[in-house]
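Structure first, then comments.
The values are calculated or read from the model by the stated rules, or taken from the named source; none is laboratory data. Note that the coordinates shown come from a computational prediction; the quantities given were computed from them, not determined experimentally. Note that each Cβ is placed from the backbone with ideal geometry, even for glycine, and that neighbours are counted across all protein chains shown.
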């Protein structure tokens, strides 16, 4: 018999305890999102790989636009017509590349006789060294290796022919890539703002403000990064090139050009350029000059790491150095030289866009930073973001 002070409870109205722990729910939620993001990135990577012959020239054109748009905008602010500004900007980049190529070709031609003589002497020294113990590579053994190599080449002539045909096809794709780079750069200079507005209109209208904020931040970061890398590359090239010239190392200008273009690949490019300079000094000038050249390379690298990058790159690329190194390694592993080249600007730009989009959402919640008319911004406004 129940007590008059107690009320019977029903199983239907009593709360049931959830058997799944809250921590497991949170972990499952994070895991599911990570899986979806990973699958999306894998799909994007697969598409980029399949269309790499288009994507890589497109990205090169975007980077060239980031380098040339500030110059084009500066000329327009000085009252120069737009089409003249575009032509001048294009002539500057093609003039620099053509001038460097002309300098390299001229020095190689002028030093070719001395180089042939030095190469012959170095080969004889190498043969004498290899003939001694522990190598024991005598002239008869070397002749045997040459004969084996000749036989292998004759037996694989068809494969070599197929490789030559593939090389011809690659040359055609290279021409197509140059064509894409030129027109991407040209149209970005001519009508970049309207292209960006068209891209924004693809997304929902309520997200246009956030996308504009992310695009402005990403473009500012990319242009700053390219200009900083240009200064760093020029400093490395001048330092190592002048050092090679003072030491009398042949091909000083080609060494400087290799260092200049290699410096656009952070960390890895500098190492490759330094190895090339030290190797040429060792072959043509001996180990003493090679050690001095190594000291010059290390000095320039220390100047870059401890002076230039902290002063310049720190404000342009807000990414930890460990992230830069891992990004270069991952990019080179996935896409070779192209991946190493695009890794750091990609990481820096995406990081800036994500941060800007996050802060834009926060500003909208607080009622600040609202841009009622993103289309009203002008590409040539002094001090403004110049999104292509």
Worksheet item: Which residue, of 193, 201, 227, 220, is over 20 Å from residue 343 (Cβ atoms) and surrounded by 14 or more Cβ atoms within 10 Å (Cβ to Cβ)?
Response: 193
Fill in: Selection count where residues are in contact (Cβ under 8 Å) with a residue 60 or more places away in the chain and surrounded by fewer than 22 Cβ atoms within 10 Å (Cβ to Cβ), scope the stretch 235-249
2
Fill in: Among (1) over 18 Å from the mean Cα position of the chain (by Cα); (2) farther than 30 Å from residue 304 by Cα - the single one residue 177 does not satisfy
(1)
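Determine whether residue 25 is more than 21 Å from residue 331 (Cα to Cα), at pLDDT below 85 and surrounded by 10 or more Cβ atoms within 10 Å (Cβ to Cβ). Quick ask: steps written out before the conclusion?
Values: more than 21 Å from residue 331 (Cα to Cα): yes; at pLDDT below 85: yes; surrounded by 10 or more Cβ atoms within 10 Å (Cβ to Cβ): yes.
When the stated conditions are applied, residue 25 passes them.
Against the condition part of a helix (DSSP H, G or I), outside the structural domain of residue 229 (by TED's automatic domain parsing) and at pLDDT below 85, how does residue 85 come out, does it pass? Show your work before the answer.
On the way: part of a helix (DSSP H, G or I): yes; outside the structural domain of residue 229 (by TED's automatic domain parsing): yes; at pLDDT below 85: no.
Criteria not met by residue 85.
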Worksheet, complete the sentence: Only one of 213, 237 is more than 21 Å from residue 293 (Cβ to Cβ), out of contact with any strand residue (DSSP E or B) (no Cβ under 9 Å at 6 or more places or on another chain) and at pLDDT 85 or above, namely 213
Worksheet, complete the sentence: From the option list 230, 245, single residue qualifying as assigned by TED's automatic domain parsing to the domain that holds residue 297 and closer than 16 Å to residue 63 by Cβ is 230
